[in-house]
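The values are calculated or read from the model by the stated rules, or taken from the named source; none is laboratory data. Predicted model, so just to flag it, every value in this text is computed and none were measured. Backbone-built Cβ (ideal geometry, glycine too); neighbour counts: all protein chains shown.
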Amino acid sequence: MKNSKEGKLTIVSLPIGNLKDITIRALEELQSSDLIFCEDTRITIKLLNHYNIKNKLMSYHEHSDTGTRKFIVDQINKGKNISLVSDAGTPLISDPGYKLIKELKKKKLTVTSCPGPSSPITALTLSGLPSDKFFFSGFLPVKIKARKDYLLEIKDIESTIIFFESSNRLVKSLELILEIFGDRNISICRELTKKFEEVITLKVSEVIKNLSSRDNIKGEIIIVIEGEVKKDKPQNLEAILEDALKSMSLSDAAKEISKYTNFSKKEVYNAALDLKGRKNES
């Protein structure tokens, strides 16, 4: 028989770095929870100890099976209040949890949210790039070919694009982005809300130059990239090219124009060859 007291699961957002970035409601929710499910108990216990919260911690991560989900369902049916947290930020954002929420909603159990910090949103607001429309893509594929194929698949998206990336793959990923997206505006956000927070917003080529000179890059990385700008006026590129070619070589013109527009070097170079060919024919 179902407990007369209705249980629930609350999705609780935690700080992404600075422990002070937690809401009063989140602290109250964690304090009053019968159980707190988290990705890594070793990480979450640090925050709980900081705020003197003694509730029991249990693991819920990407490898959790149907047995764990059944246990959570049973606890809620017994009237227990359960919190779901991630290591940092908002659970379910590039993070395990959606299968659990799907299961609870299917069984018509109560699921609510205690909103708060989210690193993709924080990065977007700090980037200086358009924030009216954005596409969040989580982590880029690990293997080079899969990463390249995926970037080719999304390169024409016209809204700002947000990725997570590891520090050891960052420069190689940026080189692929430059090759496929062209020299767009980009923001690299590192260690957000922490002591060594850093936000670099430049052209992709300039960011690569900046980061390649460093011995090592540490911390969690979020990449924010300017979306594709519609090229519905190809005659504009032609006009820019004609002006540039008066004083530059074809390769120099391609390099300079790609630096200050959303056309890749390859696109500018091919357009210049086409323009030159048509002029020779005439």
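Brief remarks on what is shown
- Restricted to the range 41-116, the set of helices (runs of 4 or more DSSP H) holding at least 2 residues that are more than 24 Å from the chain's Cα centre (by Cα) and crowded, with 17+ Cβ neighbours inside 10 Å comprises 66-77.
- Residue within the range 98-106 that is under 22 Å from Ile162 (Cα atoms) and either free of Cβ contacts under 8 Å to residues at least 40 places away in the same chain or among the aliphatic types (A, V, I, L, M) (or both) present: yes
- Filter result for Ser187 (within 17 Å of the chain's Cα centre (by Cα), closer than 27 Å to Asp21 by Cβ and surrounded by fewer than 18 Cβ atoms within 10 Å (Cβ to Cβ)): no
- Qualifying residue in the range 184-197 (condition: closer than 26 Å to Val12 by Cα and among the polar types (S, T, N, Q)): yes
- For Lys20, the conditions (1) touching a residue at least 60 places away in the same chain (Cβ under 8 Å); (2) part of a loop (DSSP other than H, G, I, E, B) are fulfilled apart from (1).
- Of all residues in the range 129-182, those satisfying the criterion of being part of a strand (DSSP E or B), of a type in the set (A, V, I, L, M, F, W, C) and more than 17 Å from Ile200 (Cβ to Cβ) are Phe134, Phe135, Phe136, Phe139.
- Meets criteria (at negative phi and either part of a helix (DSSP H, G or I) or assigned by TED's automatic domain parsing to the domain that holds Asp21 (or both)) for Asn216: no
- Residue in the range 205-214 that is at pLDDT below 85 and among the hydrophobic types (A, V, I, L, M, F, W, C) present: no
- Residue match in the range 135-145 (condition: under 18 Å from Lys266 (Cβ atoms), at pLDDT 95 or above and not basic (Lys, Arg)): no
- Inclusion of Asp156 among residues that are without any contact (Cβ under 8 Å) to a residue 12 or more places away in the chain, surrounded by fewer than 16 Cβ atoms within 10 Å (Cβ to Cβ) and either over 20 Å from Ile16 (Cα atoms) or more than 15 Å from the chain's Cα centre (by Cα) (or both) is not warranted.
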